[in-house]
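Written below as structure tokens is the structure these notes are about.
The values are calculated or read from the model by the stated rules, or taken from the named source; none is laboratory data. Only a predicted model underlies this, so the values are computations on that prediction, with no experimental measurement involved. Neighbour counts run over all protein chains shown; Cβ positions are idealised from the backbone, glycine included. What goes into the accessible areas is simple: the full protein's heavy atoms, side chains included, and nothing from ligands, DNA or RNA. Shrake-Rupley method; radii C 1.70, N 1.55, O 1.52, S 1.80 Å.
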Amino acid sequence: MQPNSHSARATSTPHSGTNAVVPSETIAAVASAPGVGGVGVLRVSGPLAPTIARTLLGREPRPRHAHYAAFRDVAGDPIDRGLLLFFPTPRSYTGEDVLELHTHGSPVVLRLLLARTLELGARHARPGEFSERAFLNGKLDLAQAEAVADLVASGSAAAARAAQRSLDGEFSERVHALVEAVVRLRVWIEAAIDFPEDEIDFLATPELAADLAALRTRLDELLAATRRGVRLADGLHVVIVGRPNVGKSSLMNALSRSERAIVTDVAGTTRDVLRETIDLDGVALTLVDTAGLREAGDHVEREGIRRARAELERADLAILVSDDAHVANDLDLLAELPPEVERLVVHNKIDLAGDHPRVEQREGRTHLWLSAKSGAGLDRLAAELKRRAGVEDAGGAFSARARHVAALERARARLAAADDALNRQRAGELAAEELRQVQQFLGEITGEFSSDDLLGEIFASFCIGK
Ligand code: GDP
């Protein structure tokens, strides 16, 4: 995966928190190992890559040229035939000399080839080490490097496209644009501070107030888009709640088209409080029985309550399932949900009364009529879930992480404080300091300001070979 010119442009300056030292060690790892029949890729990066390339090829490799060659072990016996590609520094994924070997996807072949590169002086790469080196060499910024991991882990086509956009630098560019606007404001305000006799006039100009207001709007927009990006990358976390026997398990089954959830006829039959999660094209659905929400007696039930509550805390959306005849009674269950969780009310078992499937808005809430048994109306529920997950209308979306949202929220709070300092208190120095912090928080997203601990944590979550 080569970074395109777009991403290189977005990140022409290397990470300033770490000295961008070129690591002296050469690393090697299997970058792609599909099952039988696919192509396996082994990647080597570092100063020994040219020597290893020359040894395996038996001559000097041509840069960025696909050589077809027989790869041999130390005794000269063939391991496999495949393609060898050499990318000299700096035009490579990591920015270092990089060698890629494309072979048959056999795990044995890949293991033998990896062993060969280790004999020739490379060492095993740590998880995420290739992307980390790309970051340290200014090939990718931190948000782009994270997008590599998100792309690999993407659970839906929409999530993959969004991760690709972040990798291309779309998210980073929006952050950079905000940073530039913050810098302009800082220059203005600091100039005013340096000329105290004019300070009041300078700080009170309508243009300055307008620029600050515009910046706040843009930051809010970016924050909203980033939240959508996190949801798209993580999938929508949905819990299904409702009284016993209303058809929650049946609904789960119908949506997953499998028989994983156990359906019983007896109300309140002892079952696991929490069912396994099913995946509906990137939407994660977890079933939480309302048994888990009620006050309960023994410790098994208390544990159930704890787990159900924990599940609800991290939910984006709760589906309240009710028997169509008893919806009015069951709506009080909604009061037990955390306030920030979105709600959807499902009127199940419409087949019993011969009702037809439909969607209606009532008191600001979406109600859906369906039958888990006959399947009528399920398509609308699935569409509603995917829409809320951002999977349906993901055009232009980029992927993001909770870390980015947290940084933007902090930046937003400091920006509000800067606005207050400037427009209410006319305190230029204070406003300048707040804006400095805004810039710092924005810089954490792309990695211009970040601690080595944070970097270690981020790259350790990658898979090996990326
Ligand atoms: P849960 O306790 O809420 O998980 O409910 P179950 O999924 O175990 O279903 C309880 C009973 O209701 C079972 O006998 C199901 O077959 C039945 N049931 C579920 N959904 C429907 C439906 O849409 N129509 C009808 N007629 N019966 C249903």
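Step by step: first the residues of region 324-343, then only those that are surrounded by 11 or more Cβ atoms within 10 Å (Cβ to Cβ) and among the aliphatic types (A, V, I, L, M), then the one that is farthest from Ile240 (Cα to Cα). Which residue is that?
Ala325
Being within 35 Å of the chain's Cα centre (by Cα), buried (at least 23 other Cβ atoms within 10 Å of the Cβ) and either assigned by TED's automatic domain parsing to the domain that holds Ala431 or away from the ligand (no atom under 16 Å from the Cβ) (or both) is true for just one of Leu232, Leu223. Which residue is that?
Step by step, each of Leu232, Leu223 is checked, and only Leu232 is within 35 Å of the chain's Cα centre (by Cα), buried (at least 23 other Cβ atoms within 10 Å of the Cβ) and either assigned by TED's automatic domain parsing to the domain that holds Ala431 or away from the ligand (no atom under 16 Å from the Cβ) (or both).
Suppose the filter is of a type in the set (Lys, Arg) and under 22 Å from Arg59 (Cβ atoms); does Arg72 pass it?
Against the criterion (of a type in the set (Lys, Arg) and under 22 Å from Arg59 (Cβ atoms)), Arg72 qualifies.
Looking at region 80-129 only, could you name the residues that are open to solvent by 70 Å² or more (accessible area, probe 1.4 Å), farther than 30 Å from Leu454 by Cβ and of a type in the set (Lys, Arg)?
Arg81, Arg111
Write out, first by first residue and then by second, each pair whose Cβ atoms fall under 6 Å of each other, whose residues are 6+ apart or on separate chains, and whose first residue, in region 137-151, is among the β-branched types (Val, Ile, Thr) while the second is part of a helix (DSSP H, G or I).
Matching pairs, first to second residue: Val148/Ser131.
I need every pair where a residue in region 404-423 that is open to solvent by 50 Å² or more (accessible area, probe 1.4 Å) has its Cβ under 6 Å from the Cβ of a residue that is modelled with pLDDT of 95 or more and of a type outside the set (Ser, Thr, Tyr), sequence separation at least 6 or different chains.
Arg410/Phe441; Arg412/Leu219; Arg414/Glu434; Arg414/Gln437; Arg414/Val438
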